[in-house]
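Undergrad: Below: one structure in structure tokens.
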Amino acid sequence: MTVTDDLHIDVHGLRKMYGDFPAVDSVDMQVRKGEVFALLGPNGAGKTTTVEVLVGVRDRSAGTVAVLGEDPRRDARSWRNRLGVVPQNTGDYLDLTVREVVSHFGSFYSDPIPTDELISMVGLTSKARAKTTSLSGGQRRRLDVAVGVVGRPELVFLDEPTTGLDPEARREAWDLVNYFRELGATTVLTTHYLDEAEALADRAGIIAAGKMLTVGTIAELGRTAGAATLISLTGLPQVERVIPRELGLVETTRPDDRAPITTISTDHATEVLSRLIPYAREHGCHEIPGLSVHRPTLEDTYLRLIQREDAKR
């Protein structure tokens, strides 16, 4: 295989079975050169298994996979030298100092990031001479990130890189992702933190029960989840009478002892509002009660898609 001009990862029909259980089930995934791609999903969704297949530490059951133009099954040394991997589990570096660990792993590469520069980038300068056994969980996670990226990789895999980090350390890790973006590296980021994906990713894929539910930019994901805009209001009866299905999906809930809440998912917000205003006035409301209009956030999209997938099982 050879690297295409615009794809660093090209996956079709990826499947990984454990006995009769499909941990990853017919996943298609393409990651473009130079982009940050977020892989989102709940625990057990198949994110880590997918990454393990892509970096060659776990064999696939079916499908085709090209990473930097090579099949990970070959595990060629020259190919692996172009990857950076930060696994989910913290490494055990015995009784070495932070500087010794970073320097040691840097010696494996022809053009590593200078040791002190990288230690500063991950926020461990004050711990450079400290034994790794004395580090907190969050500090050990920062060291894992340093070890994974010390070789200036073309393609970086970050599997839950900020788990266990405090907010300040998370922001420092974000800066590291942006640093590699500026260098032209491609990054695959698995995360539970939706704000992290929203802040860093050019595109995201949402995976659940081993299946890739959707892939796209944040705006595209919102459209996939149902609609570009969500309009909500309270107290108006039978809104579906004036909003036909071709304009939007109307859902009404009736909380105990409170006015009904109506939500309209639509790609035609202006037309929907133009119908709601006179309808509200017919019911004696010069202002539509409880009106709010917003585009779905990544969290809205994520929850709706996951709930939709759960409902199928």
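The values are calculated or read from the model by the stated rules, or taken from the named source; none is laboratory data. In this text, all values refer to a predicted model and were calculated from it rather than measured experimentally. Here the Cβ positions follow ideal geometry from the backbone for every residue, glycine too, while neighbour counts run over all protein chains shown. Keep in mind that these areas ignore ligands, DNA and RNA; they rest on the heavy atoms of the full protein, side chains included. Shrake-Rupley method; radii C 1.70, N 1.55, O 1.52, S 1.80 Å.
Undergrad: Taking the convex hull of the Cα atoms, report for the chain its projected area averaged over all directions, in nm². Write out the running numbers ahead of the final one.
TA: Working: hull surface 82.1 nm².
Convex hull of Cα atoms, orientation-averaged projection: 20.5 nm².
Undergrad: To the nearest 0.05, what FRET efficiency results for Asp95 and Ala199 with a Förster distance of 30 Å applied to their C-beta separation? Show your work: numbers first, answer last.
TA: Details: r = 37 Å, r/R0 = 1.22.
For Asp95 and Ala199, the calculated efficiency is 0.25.
Undergrad: Sort the stretch 108-195 into rounded, prolate or oblate with this rule: let a ≥ b ≥ c be the square roots of the eigenvalues of the Cα gyration tensor; rounded if a/c is under 1.5, and if a/c is not under 1.5, prolate when a/b is larger than b/c, oblate otherwise.
TA: Values: a/c = 1.79, a/b = 1.08, b/c = 1.66.
The shape class here is oblate.
Undergrad: Same structure, new question: Which of the GluC sites (Glu not before Pro) found in the stretch 174-265 are in a DSSP loop and have at most 13 neighbouring Cβ atoms, other than their own, within 10 Å?
TA: On the way: sites: Glu182, Glu196, Glu198, Glu220, Glu240, Glu246, Glu251; in loops: Glu246.
In loop regions of the stretch 174-265 (DSSP not H, G, I, E or B), the sparsely surrounded GluC sites (Glu not before Pro) are Glu246.
Undergrad: With +1 on each Lys and Arg Cβ and -1 on each Asp and Glu Cβ, how big is the dipole of the stretch 181-262 about its Cα centre, in debye rounded to the nearest 20?
TA: Numbers: 8 positive and 11 negative charges, 56 e Å.
Result for the stretch 181-262 is approximately 260 debye, rounded to the nearest 20.
Undergrad: Find how much the distance from Ser136 to Asp111 grows on full extension, using 0.36 nm per residue of separation minus their present alpha carbon separation; answer in nm with one decimal.
TA: Values: separation 25, 0.36 × 25 = 9.00 nm, distance 2.94 nm.
Taking 0.36 nm per residue and subtracting the Cα distance, the gain is 6.1 nm.
Undergrad: Ok, one more. In Å², what does the accessible area per residue of the chain work out to with a 1.4 Å probe? Before the final figure, lay out the partial values.
TA: Values: 15520 Å² over 313 residues.
Using a 1.4 Å probe on heavy atoms only, each residue of the chain averages 50 Å².
Undergrad: A follow-up question, please. How large is the helix-only mean residue ellipticity at 222 nm for the chain, computed as the sum of -39500 (n - 2.57) over DSSP H runs with n ≥ 4, divided by its residue count, in deg cm²/dmol to the nearest 500? Mind showing how you got there, number by number?
TA: Details: 10 runs with 101 residues, N = 313.
When only DSSP H runs of four or more count, the value is -9500 deg cm²/dmol.
Undergrad: Still on this structure, please answer the following. Can you give the charge dipole size of the stretch 1-146 about its Cα centre, rounded to the nearest 20 debye, using +1 on the beta carbon of Lys and Arg and -1 on the beta carbon of Asp and Glu? Can you show the working numbers first?
TA: Values: 19 positive and 19 negative charges, 83 e Å.
Dipole of the stretch 1-146, to the nearest 20 debye: 400 debye.
Undergrad: While we're here: Extension gain Cys285-Glu299, at 0.36 nm per residue separation less the Cα-Cα distance, in nm? Spell out each step's value before the answer.
TA: Values: separation 14, 0.36 × 14 = 5.04 nm, distance 3.22 nm.
Full-extension gain reported as 1.8 nm.
Undergrad: How much length is gained on full extension from Ala228 to Arg171, taking 0.36 nm per residue of separation minus their Cα-Cα distance?
TA: Values: separation 57, 0.36 × 57 = 20.52 nm, distance 2.94 nm.
Difference between extended and current length: 17.6 nm.
Undergrad: Let me ask something else. Check which residues have an amide H placed less than 5 Å from Val156's amide H, if you skip close sequence neighbours.
TA: It is Gly84, Thr186, Thr187, Val188, by chain and number.
Undergrad: Turning to a different aspect of this structure: Just to check I understand the Karplus step: with θ = phi - 60° and J = 6.51 cos²θ - 1.76 cosθ + 1.60, what whole-Hz values come out for the stretch 9-20, glycine and proline as x?
TA: 9, 9, 10, 9, x, 5, 9, 10, 9, 10, x, 8
Undergrad: Check cross-link reach from Lys47 to the lysines: straight Cα distance under 23 Å, and skip same-chain residues fewer than eight apart.
TA: Here the lysines satisfying the reach criterion relative to Lys47 are Lys16, Lys33, Lys211, Lys312.
Undergrad: Magnitude of the Cβ-charge dipole of the chain, K/R +1 and D/E -1, about the Cα centre, nearest 20 debye?
TA: On the way: 37 positive and 45 negative charges, 87 e Å.
Charge dipole of the chain: 420 debye, to the nearest 20.
Undergrad: Simple spin-label model, 7 Å along Cα-to-Cβ: Ser126 to Ala259 in nm?
TA: 5.3 nm
Undergrad: Compute the distance in nm between two label points, each set 7 Å from the Cα along the Cα-to-Cβ direction, one at Leu273 and one at Asp310.
TA: Rounded to a tenth, the inter-label distance reads 3.3 nm.
Undergrad: Then there's this: Search the structure for amide H atoms under 5 Å from the amide H of Arg58, placed 1.01 Å from N in the peptide plane, and list their residues when 5 or more places away or on another chain.
TA: For Arg58, whose amide H was placed from the backbone, the distant partners under 5 Å are Val53.
Undergrad: Take the Cα of Arg15, step 7 Å along the line toward its Cβ, and report every residue of the stretch 51-79 whose backbone nitrogen sits under 13 Å from that point.
TA: Residues passing the 13 Å test: 60-64.
Undergrad: Turning to a different aspect of this structure: Answer with one residue from Thr186, Leu155, Phe108: the one whose Cα lies farthest towards the positive end of the charge dipole of the stretch 99-201, charges on Cβ with Lys, Arg +1 and Asp, Glu -1.
TA: Phe108
Undergrad: Hey, another quick one. What three numbers, in Å, describe the spread of the alpha carbons of the stretch 157-212 along their principal axes, ordered from the longest?
TA: Cα spread of the stretch 157-212 along its principal axes, largest to smallest: 31, 28, 17 Å.
Undergrad: Give me the three principal axis extents of the stretch 11-142 from the C-alpha atoms, as integers in angstrom, largest value leading.
TA: 47, 32, 25
Undergrad: Could you work out what % of the accessible surface of the chain is carbon and sulfur, using a 1.4 angstrom probe and leaving DNA, RNA and ligands out of the count? If you can, show how the numbers build up before the last one.
TA: Numbers: 7510 of 15520 Å².
Ligands and nucleic acids excluded, carbon and sulfur give 48 percent.
Undergrad: For the stretch 190-301, report the translational diffusion coefficient in µm²/s to the nearest whole number, using Stokes-Einstein at 37 °C, 0.692 mPa s, and a Kirkwood Rh over Cα pairs.
TA: Values: Rh = 15.6 Å.
For the chosen part, D equals 210 µm²/s.
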